[in-house]
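Step one of this worksheet: look at the structure below.
The values are calculated or read from the model by the stated rules, or taken from the named source; none is laboratory data. Keep in mind that this is a model prediction, so the values were computed, not measured. When we count neighbours, we look across all protein chains shown, and the Cβ atoms used for this are built from the backbone with ideal geometry, even at glycine.
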Amino acid sequence: MKTIMEEDILIMEKPAASGYNELIELLHKAYSRHTRKGIMFPAACQTAEETGRIEKNNICFIALKGAELVGTITYCPPGSFKQNRKWYAGPNPAKFFRFAVNPEIQGMGIGTKLLRHIYERAERDGARELLLDTADGIGWLLKFYSRQGFRLVDYISWPNTNYYSVIMCKRIGKNNHLPPLKCRVSYCAAKIFCIMKYNSNGRPRRWYRLSHKAKQILINFKEVFYRCRRV
């Protein structure tokens, strides 16, 4: 197999005037291995309209080998996103998603170079943490991120997916140590409660929906009761 030297790969921000067809083709090709296993990542069926919307609100970087597109990653700078999660609402985080390398040349350092580029960009932007989320159960992918310094910290079920997701975090800067025990406890607790409360498609389980309705009925009853007492 022909090797690719790191200096042969150019990382750059995707030109705004360039089209989406080549990028979409790369994403579909890279994520097809997961689709065949029944894991439906949004990038696996991303349309041109969705791609345009994503690039409007985030920064898309591409990896080029000569004129050939061989990789891509989408970066969200600090302050550009909000999520109702502990780690996403942490101290000035950045995140990335839609990360793909041409499967025909994976394992040659292209993904590592893309991640390093994003880490350095997040550091320049003043981020204190770099976050990602991906499907649970893809062992080789989780090991890859672990080798890059990311730790499992949270567990979630996003809407419009068919899998549970893990959130991984890497600290940025001099004080970049994440306590392993704290991360492990946070991740395990989040996983237990997530699976108890939600299905893999983000929908609450029946008992949780019923308990939420019961709670709301109780709140409404208490409001009516206190109003009657004031009368």
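Brief remarks follow.
- Annotation note: Cβ proximity below 8 Å between a residue of the stretch 199-222 that is within 29 Å of MET40 (Cα to Cα) and a residue that is loosely packed, with under 10 Cβ neighbours inside 10 Å (sequence gap 6+ or interchain) occurs for ASN201/PRO159; ASN201/ASN160; GLY202/PRO159; GLY202/ASN160; ARG203/PRO159.
- Enumeration of residues in the stretch 120-138 that are within 23 Å of VAL70 (Cα to Cα) and either surrounded by fewer than 17 Cβ atoms within 10 Å (Cβ to Cβ) or among the β-branched types (Val, Ile, Thr) (or both): GLU120, THR134, ILE138
- Pick from the stretch 162-182, criterion closer than 19 Å to ALA122 by Cβ and without any contact (Cβ under 8 Å) to a residue 40 or more places away in the chain, ranking: surrounded by the most Cβ atoms within 10 Å (Cβ to Cβ): MET168
- Conditions (1) over 21 Å from ARG124 (Cβ atoms); (2) in contact (Cβ under 8 Å) with a residue 12 or more places away in the chain; (3) not in a strand (DSSP E or B): number failed by LYS56: (2)
- Per the conditions (1) without any contact (Cβ under 8 Å) to a residue 12 or more places away in the chain; (2) among the β-branched types (Val, Ile, Thr); (3) under 30 Å from GLU7 (Cα atoms), the sole criterion not satisfied by VAL185 is (3).
- Count of the stretch 33-53 residues which are touching a residue at least 24 places away in the same chain (Cβ under 8 Å), touching a helix residue (DSSP H, G or I) at 6+ places or on another chain (Cβ under 7 Å) and surrounded by fewer than 18 Cβ atoms within 10 Å (Cβ to Cβ): 2
- Residue list for the stretch 54-64, restricted to those being over 14 Å from the mean Cα position of the chain (by Cα) and either surrounded by 11 or more Cβ atoms within 10 Å (Cβ to Cβ) or within 21 Å of SER165 (Cβ to Cβ) (or both): GLU55, ASN57, ILE59, CYS60, PHE61, ILE62, ALA63, LEU64
- The set of residues in the stretch 88-119 being within 19 Å of ILE156 (Cβ to Cβ), surrounded by fewer than 21 Cβ atoms within 10 Å (Cβ to Cβ) and either among the aliphatic types (A, V, I, L, M) or modelled with pLDDT under 85 (or both) consists of TYR88, ALA89, GLY90.
- Leading residue by the ranking (surrounded by the fewest Cβ atoms within 10 Å (Cβ to Cβ)) among those in the stretch 67-82 that are without any contact (Cβ under 8 Å) to a residue 40 or more places away in the chain and not hydroxyl-bearing (Ser, Thr, Tyr): ALA67
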